[in-house]
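The values are calculated or read from the model by the stated rules, or taken from the named source; none is laboratory data. Since this is a predicted model, take the numbers as computed values, not measurements. Using ideal geometry, Cβ is built from the backbone for each residue, glycine included, and neighbour counts are taken over all protein chains shown. In case anyone asks, the SASA skips ligands and DNA or RNA and just uses the protein heavy atoms, side chains included. Shrake-Rupley method; radii C 1.70, N 1.55, O 1.52, S 1.80 Å.
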Amino acid sequence: MNLLPLTPDGQTPVRALTIAGTDSGGGAGIQADSRTMALCGVHACVAVAAVTVQNSVGVSGFHEVPPDVVAAQVRSVVGDIGVGAAKTGMLASTAIIEAVADVCTEVGIGRDQAVPLVVDPVCASMHGDPLLHAEALDAVPNTLIPIATVVTPNLDEVRLITGIEVVDDASARRAAEALHRLGAQWSIVKGGHLRTSSTSTDLLFDGDTFLEFTSPRIPTGNDHGGGDTLAAAIACALANGHTVPDAVAFGKEWVTKCLEVSYDLGSGHGPVSPFWRLH
Ligand code: PLP
């Protein structure tokens, strides 16, 4: 795969911002985003939206950061350090989603703005534990997706957001169109959870053209943090100035590599691993 360039020692690398929740187990959320960004040669700035209590078995609770503090972190980073791209992950509540949408618009992050925004509309963990209050589900299509340069739901999130059950290529295309109608500049419908073939195809749509990105399906239960890793890698490529299709191609190859070398951790699902980049 074509890796992103590493900045020479002592020089300031490209920056990206993640606005998301922490994972005490270190597998997903802000930990996965920061690790991905570091190993892509990108300096990670973080705005913490929620603190989760979780391990490899599940999420036993979460605590929200006050919405104005989430927004203040974004404002602080963008005003001083500057970022080439941003991504959102777990945002937990309607109030946080609204604060993030407002501050992103204020500082020039999002579709049709200077800084592209990857929206990973995180609703629940792979164990089915909630990461978004049920009452906040409407804010995802109403407030968050309209500011997305790219939105990256998995199939459960597609069903919750659009009501469309993706079972094949035709329904994946309908879902990508529905996400685009909600206001995302580009929509991705990820095929990773559609376990009907030996490959995994992500569908990208810009309102006009469908593009498909296919990789071998990696047979592993250690896929915790896979969605975060894909979205963070896309943000890194965007921060490096790549187009959305090129960034998605990079993200897909990156997460496939991370799935290939994922490892056991605890007694549940281990994380995808970007450590191959160190070898
Ligand atoms: N915890 C946090 C904080 C997350 O942001 C996410 C996903 O975005 C998860 C857990 C769930 O990750 P997974 O579905 O890979 O278990």
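Listing for the model above:
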quantity	calculated
Whole-number accessible area per residue in Å² for the chain, which is evaluated in the context of all protein chains at 1.4 Å	41
Local electrostatic count at Gly41 - Lys and Arg +1, Asp and Glu -1, tallied over other residues with Cβ under 13 Å	+2
Ratio Rg/Rh, restricted to the range 1-153 and using Cα atoms, in which Rh is the Kirkwood radius	0.96
Counted charge near Gly270, where neighbours are those whose Cβ lies closer than 15 Å (Asp, Glu -1; Lys, Arg +1)	-4
Charged-residue dipole, Cβ positions (Lys, Arg, Asp, Glu), the range 1-93 about Cα centre, Debye nearest 20	140
Sulfur and carbon atoms: percent of accessible area, the range 106-154 [1.4 Å]	50
Convex hull volume per residue in cubic angstrom - Cα atoms of the range 15-267	106
The range 95-184, Rg to Rh (Cα coordinates; Rh as Kirkwood inverse mean 1/r)	0.98
Highest-MSF residue in the chain out of Met126, Met37, Met90 [GNM, Cα springs under 10 Å]	Met126
Long-range amide H partners of Ile19 with built H, under 5 Å	Ala47, Lys87, Thr88, Gly89
Nonlocal amide H pairs with Phe62, under 5 Å, H built at 1.01 Å	Val53
Estimated dipole of the range 15-267 in Debye, rounded to 20 [Cβ of Lys and Arg +1, of Asp and Glu -1, Cα centre]	360
Computed lengthening from Asp80 to Ala114, 0.36 nm per intervening residue step minus Cα-Cα distance	10.7 nm
Antiparallel bridges, percent of DSSP beta bridges restricted to the chain (to nearest 5)	40
q = 0.18, 0.24 Å⁻¹, the range 212-279: log10 I(q)/I(0) [Debye, one scatterer per Cα]	-0.65, -1.02
Theoretical FRET efficiency, 1/(1+(r/R0)^6), r = Cβ-Cβ of Asp68 and Thr12, R0 25 Å, to 0.05	0.30
Disulfide-incompatible cysteines by the Cβ rule (no partner under 4.7 Å) in the chain	Cys45, Cys104, Cys123, Cys258
